[in-house]
């Protein structure tokens, strides 16, 4: 199993989609600094925010949390 963090996976997904932190933040209606904090694992998302990311990127919560590849 891969040991990537939530932040690393979020950043990878964002880059794959060709999004800047600003564009992702605007799309999700959250502050850009929050995206930066997620990507550097300074903070972890709430369950509600995790669901927003799951729906936005079309991945599973287990994938985002590093529980599956």
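Derivation of every value follows stated rules applied to the coordinates shown; laboratory data play no part. The shown structure was predicted, so the numbers you read here are calculated from the model rather than taken from an experiment. Cβ sites come from the backbone with ideal geometry, for glycine too, and all protein chains shown count toward neighbours.
Can you sort 46, 12 by how many other beta carbons sit within 10 Å, fewest first?
Values: 46 9, 12 13.
With the sparsest Cβ surroundings first, the list reads 46, 12.
Determine the shape class of the range 6-64: with a ≥ b ≥ c the square roots of the Cα gyration tensor eigenvalues, call it rounded for a/c under 1.5, and otherwise prolate if a/b is greater than b/c, oblate otherwise. Walk me through the intermediate numbers first.
Working: a/c = 1.26, a/b = 1.12, b/c = 1.13.
Rounded, because the longest to shortest axis ratio a/c is under 1.5.
For the pair residue 63 and residue 22, what calculated FRET efficiency results from E = 1/(1 + (r/R0)^6), where r is the Cβ-Cβ distance and R0 = 25 Å, to the nearest 0.05? Before the final figure, lay out the partial values.
Numbers: r = 24 Å, r/R0 = 0.97.
Plugging the Cβ-Cβ distance into 1/(1 + (r/R0)^6) gives 0.55.
Under the rule of -39500 (n - 2.57) per DSSP H run of 4 or more residues, summed and divided by the residues of the chain, what mean residue ellipticity at 222 nm is obtained, to the nearest 500 deg cm²/dmol? Could you put the intermediate results ahead of the total?
Numbers: 5 runs with 42 residues, N = 69.
Computed mean residue ellipticity for the chain: -16500 deg cm²/dmol.
Return the distance in nm (one decimal) between the two label points of a simple spin-label model at residue 30 and residue 5, each offset 7 Å from Cα along Cα→Cβ.
So the two model labels end up 1.5 nm from each other.
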